[in-house]
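No value in this document is a laboratory result; all are computed from the given coordinates. Remember, it's a predicted structure, so these values are computed and weren't measured experimentally. Ideal geometry is used to build each Cβ from the backbone, glycine not excepted, and the neighbour counts take in all protein chains shown.
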């Protein structure tokens, strides 16, 4: 299994083609038997859960049977041809699931891996469907955690992605090591307090947390490859 997250950027004048892609690209993905799970995604502006959409930036997360299936898509698909024609930038990160807990649309897209030993840079996906009556509590706590994460030791970069504004959101972050991830997750008092609130106040109707081994990083976003110079 290989998981890909591709982020593309469009010129302002071509944003209508980005919106059109959210409808048109569904069919080839549905027909691709080598892709077991996919989500077309919008992006936030601030690299985490975000109320401010970035209309120029869009994404595709997909789960492939193997590397060859992804390569075929990346080299020959209608979707990649669309990106080459209309997008100004494209960045793809390829990953292998190491740990995954929870569900996404009532599915376990990454299986049930539970690696005991994790070495090298780590990607983390935190995804949730927020209960509509809990939106105020959730969004009132986002900025404080985002600021802490951006300054945390070992943090490389993050992306705010989502299927729908406001209530179906995810953060995809990249870290130098699993130790850095754990230090942020478990030793930050502010982060720990927010995690406790999510449980006590039952913010989410569905959630998923996954960690990945990074296999490759292709292309650029905002003028650079975020993992350039980092040994995978």
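A compact table of results
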item	result
Volume in Å³ per residue [convex hull over Cα atoms, computed for region 97-195]	104
Additional length obtainable on full extension of the chain from residue 197 to residue 105, 0.36 nm per residue less Cα span	30.8 nm
Within region 84-98, backbone nitrogen closer than 20 Å to the virtual label 7 Å beyond the Cα of residue 117 toward Cβ	96-98
Principal-axis tilt of helix 67-76 within the chain, Cα atoms, nearest 10 degrees	50
Label point at residue 78 placed 7 Å out along Cα→Cβ; residues across region 28-44 whose backbone nitrogen lies under 14 Å	28-33
Folded to 0 to 90 degrees: helix 189-200 orientation relative to the chain principal axis, Cα	90
Relative contact order of region 24-160, pairs being alpha-carbon contacts under 8 Å that are 6 or more residues apart, as %	25
Cα radius of gyration and Dmax for region 52-100 (Å)	12.8, 36
Protection-proxy order for peptides 22-32, 55-65, each taking the mean of Cβ atoms within 10 Å per residue, highest first	55-65, 22-32
Label-point gap, in nm, between residue 140 and residue 26 - each point 7 angstrom along Cα→Cβ	3.6
Relative contact order of the chain, pairs being alpha-carbon contacts under 8 Å that are 6 or more residues apart, as %	28
Region 1-129 - Rg and Dmax from Cα coordinates, angstrom	15.1, 48
Extent along principal axes [Cα atoms of region 151-232; Å; largest to smallest]	41, 31, 21
The chain: calculated mean residue ellipticity at 222 nm from DSSP helix runs of at least 4, using -39500 (n - 2.57)	-9500 deg cm²/dmol
Over region 109-160, volume per residue of the alpha carbon convex hull, in Å³	130
